[in-house]
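A short write-up of the structure that comes next.
The values are calculated or read from the model by the stated rules, or taken from the named source; none is laboratory data. Here the structure is a predicted model, which is why all the values come from computation and not from measurement. With ideal geometry, Cβ positions are generated from the backbone for all residues, glycine too; neighbour counts draw on all protein chains shown. Surface accessibility is based on the protein's heavy atoms, side chains included, excluding ligands, DNA and RNA. Shrake-Rupley method; radii C 1.70, N 1.55, O 1.52, S 1.80 Å.
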Amino acid sequence: MNIVVREATNDDARLIADLTRSAWAGKVNVTSSGHRETAVLVAQHLRDGGGFVLLIDEVPVGSVRWLPLDAEPDVWEIVRMGVIAERRGSNLSQHLLEAVIHHGLTCGVEELRLAVRSDQPKLIDFYTAFEFELAEELEYSHANPMEPPPLVMRRLLRH
């Protein structure tokens, strides 16, 4: 199995939107906006921040994006990380997370943040293994006002 994580380009916007909707299907509550992901929104995210695409044997199976906070450009929020159902269970998402962490370190970012939906608490242990810590004092800037607020986790990259 050949695993590659490559930086996303604007040409990947439709692919990433499709991957996100596929990864969310049957996994994330139907109220999540990820089920209605569009290439237009993905292209905006790629312009404002960036993203990666995960390939197995040259077939795209997952993606992740990050966005700098408006008020704190040295803080990136990791958004919409997911792997399609057929490829889950092999810890493939760790390759996406590691790519964002490495890229953040390379770019001199101070901190990475992400949100864990209240209905997916088992993800807290996954992110904790990558040195993310719960930050209950923080609010997620992309939270859906129609849902319970997610738990925010952070990882400091510079001290």
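What does the net charge come to around residue 50 if you take all other residues with beta carbon closer than 10 Å to its beta carbon, with K and R at +1 and D and E at -1? Spell out each step's value before the answer.
Working: positive: 47, 65; negative: 7, 48.
Every neighbour counted, the sum reads 0.
Sort the following peptides by mean Cβ neighbour count (other Cβ atoms within 10 Å, averaged over residues), highest first: 63-70, 9-16. Kindly include the intermediate steps, with their values, before the conclusion.
Numbers: 63-70: 20.4, 9-16: 16.2.
Taking the mean over residues of other Cβ atoms within 10 Å, the ranking is 63-70, 9-16.
Quick one: plug the Kirkwood hydrodynamic radius of the chain (C-alpha pairs) into Stokes-Einstein at 25 °C, 0.890 mPa s, and report D in µm²/s. In µm²/s, the coefficient is 156. In whole percent, how big is the carbon plus sulfur part of the accessible area of the chain, probe 1.4 Å, protein atoms only? Reported share for carbon and sulfur atoms: 51 percent. The residues of the chain expose on average 54 square angstrom of accessible surface per residue, using a 1.4 Å probe on protein heavy atoms. 3J(HN,Hα) along segment 114-125: 8, 10, 10, 4, 4, 8, 10, x, 5, 5, 4, 4 Hz, from the Karplus curve 6.51 cos²θ - 1.76 cosθ + 1.60 with θ = phi - 60°, whole Hz, x for Gly and Pro.
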